[in-house]
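The next block holds one structure in the form of structure tokens; read it before the comments.
The values are calculated or read from the model by the stated rules, or taken from the named source; none is laboratory data. No experiment lies behind these values; they were computed from the predicted model shown. Cβ atoms come from the backbone with ideal geometry, glycine included; neighbour counts cover every protein chain shown. The area values use the complete protein model at the heavy-atom level, side chains included, leaving out ligands, DNA and RNA. Shrake-Rupley method; radii C 1.70, N 1.55, O 1.52, S 1.80 Å.
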Amino acid sequence: MRILYRPYLTVFLILFALNLTPANAGSAHGLTEAQVFEWWDDGIIDGDEAREILDLLEEGNEQEACMLAEVYALESCASEEVPKPKKAKRKEAKSRQKKTKKESRPSLVPHGYIEWRGRTDSLGRLESGRTELRLNFYRYSLRLGTQSLLTYRNEGSEAHFGQISTKELHSVIPLDTLWGTALFYPLYSPIGIFRLGGLLDTAKTIRPSFAFTPFRGPKKEKDFEMELAYWNHRHPADSVERHSVSAQAKGSWGNFAVWWIPENAGDLPLMKLQLQHREKMEYATIAWKTDAYVHGDSLPEESRLSATIAKSKLWGSQTVGVTAHDAWKSKWTLNARTMIPLEGDTSKTRFKASAESGPGVLRGTASVTCLSAEGHCGQKDLALKIRSSWNVDREQLVFSGKVRARHTRDEGFGSPLYEAGIAYAQDAANSASIAITIPKGAPSREIQLRSSAEVGNDLLQLSLAVTFRRTAEEAMHPLHAAMKAKVMF
């Protein structure tokens, strides 16, 4: 175990040193591997839940990963570890506008990137890895590696050849990877855009689809889309044709999708619901968000759901937040999640209430989580966090401290968790953080060192998030790590 520690530490020190060199701003991350590791290390989520989220991040499905994170952890998936400096935000907005203008004119110069992502376990072995080469030329893009795909886009028209999945089919519900081709063609009309689509894969799966996006207002704005699709495929085991129908709607309010199998008419169809709303009032802003999956005993074979979703007839969460318009922007949040397994009617429900207030130089957050509502909240998780952020020119420094304790009705308080950390951000693409955690009340019992670093410029992006652990029985060794290297050309 000692042998594994040195190379990991060396890589972290190199990344931290590189982070001090100037670089251009890059894209911001809403949910990062470092944040998932923090929830995992604190015991908020378990290893299986963490891996589900990390797998989705690795695939690039950040929306579904964020949904899992908010249900499992009952916390916002937006990163609060290293907020972006204000000047970096303005610079990023300008670069995004320039990038949009460039993308509207297809380039005849080939460009793209090579990216590798990987995760390791506590023995230093590669737990998962993903390699991708992406080449863009004119209206074509070619992806090789973990996903092989050739794509053509032109004024709303799309053609995909290769490994097709969720993004290519514009699906709200995550899908399995299909080998085949998908085509989409828009038809413009005075009332909106009609989109015809079709899919054919090597297993003879056929999926014709029809979508409609109505125009809104004199400027013909588009913020709503409806789609209807029919699935027909043959199962390789028995060569029997199977049919299903899916429908979905997407807009600024969220999305809704339903997938029905006529053969199982007496069973509930697969349904996904995501709703969100924000209303600004005189003294405060109220925001709420709903995420839910509902389904019966059978699921469409082309769907690919998280393990907990597949095993639950009801899986969802509700979040309500109130932010005051005072000088400290005080915020109160109530989160709830419910899971009802397919076998039995016993629900698993959690509630969390949190309050946040204070200026940027000293801002505090307190929360109480009822871990088991069906057990009359016999076990509660209490947490208190203090953050102090300082802006110096374009750079930002954040100090933080955290105390977390679990209270059981019969046994009282358990060993508290203590944490102290420091984070540094030069711009949106360059940041580093390190936190020391004592999860069992005493450093002699266990101590963890969690660090992350991101380095980026126009040619190279590197990131590393790793947690080291030392216990009374084991020397310091890496517990888990996630790495990414991206070279752009």
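Taking region 168-233, which chymotrypsin sites (Phe, Trp or Tyr not before Pro) meet the DSSP loop condition and have no more than 12 other C-beta atoms within 10 Å? Mind showing how you got there, number by number?
Details: sites: W179, F184, Y188, F194, F210, F212, F215, F224, Y230, W231; in loops: F215.
Those that pass, being in a loop and sparsely packed, number zero.
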ask   = Which value, in Å², gives the accessible area per residue of the chain when a 1.4 Å probe is used on the protein heavy atoms?
value = 52 Å²
task = Two decimals is fine: what is log10 I(q)/I(0) at q = 0.16, 0.17, 0.18 Å⁻¹ for region 120-262, from a Debye sum with one equal scatterer on every Cα and no solvent?
result = -0.98, -1.06, -1.14
ask   = Order of 62-68, 360-366 by packing, highest average Cβ count within 10 Å first?
value = 62-68, 360-366
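Take each of the peptides 52-60, 143-151, 336-344, 426-434, average the number of other beta-carbon atoms within 10 Å over its residues, and list them starting from the highest. Walk me through the numbers before you get to the answer.
Working: 52-60: 20.3, 143-151: 16.9, 336-344: 15.1, 426-434: 23.2.
Highest mean packing first, the order is 426-434, 52-60, 143-151, 336-344.
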task = Of the listed values (i) 25, 61, 14, 0; (ii) 19, 54, 26, 1; (iii) 23, 58, 19, 0, grab the one calculated as P(r) over Cα pairs in 20 Å bins from 0, in percent from the structure here.
result = (ii)
task = Give me the Debye-computed log₁₀ of I(q)/I(0) at q = 0.32 Å⁻¹ for region 156-202, equal point scatterers on Cα only, no solvent, two decimals.
result = -1.17
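Top to bottom by accessible area (1.4 Å), largest first, where do K380, K331, K311 land? List each step's numbers first, then the result.
Details: K380 60, K331 85, K311 140 Å².
Correct descending sequence by accessible area is K311, K331, K380.
For region 143-234, which GluC sites (Glu not before Pro) are both in a DSSP coil and crowded by at most 14 other Cβ atoms within 10 Å?
Values: sites: E155, E158, E168, E221, E225, E227; in loops: E155, E168.
Listed in order of number, the matching sites are E155.
May I ask you to list, by number, the DSSP H helices of the chain whose Cα span along the axis is at least 24 Å and whose average Kyte-Doolittle hydropathy reaches 0.5 or more? Intermediate results must be reported in sequence, preceding the final value.
Working: long enough: 2-18 (25 Å, 1.51); 86-104 (28 Å, -2.81).
The qualifying helices are 2-18.
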Fraction of accessible area attributable to carbon and sulfur, the chain (%, probe 1.4 Å) = 60 percent
ask   = Which links in K331/K385; K204/K272; K167/K311; K272/K311 stretch past 19 Å when you go from one Cα to the other?
value = K204/K272; K167/K311
ask   = Along the three principal axes, how long is region 96-196 when you take its alpha carbons, biggest first, rounded to the nearest angstrom?
value = 61, 32, 24
ask   = Taking the Cα atoms of region 420-480, what is the range of coordinates along each of the three principal axes, in descending order and whole Å?
value = 45, 19, 10
ask   = For region 113-122, what does the Karplus curve 6.51 cos²θ - 1.76 cosθ + 1.60, with θ = phi - 60°, yield as ³J(HN,Hα) per residue in whole Hz, taken in order and with x for Gly and Pro?
value = 7, 10, 10, 10, 10, x, 10, 10, 9, 6
Translational diffusion coefficient (Stokes-Einstein; Kirkwood radius from C-alpha pairs) of region 217-351 at 10 °C, 1.306 mPa s, in µm²/s = 90 µm²/s
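Of R469, R304, which has the most accessible area with a 1.4 Å probe, and how do the rest follow in descending order?
Numbers: R469 65, R304 85 Å².
In descending accessible area the options line up as R304, R469.
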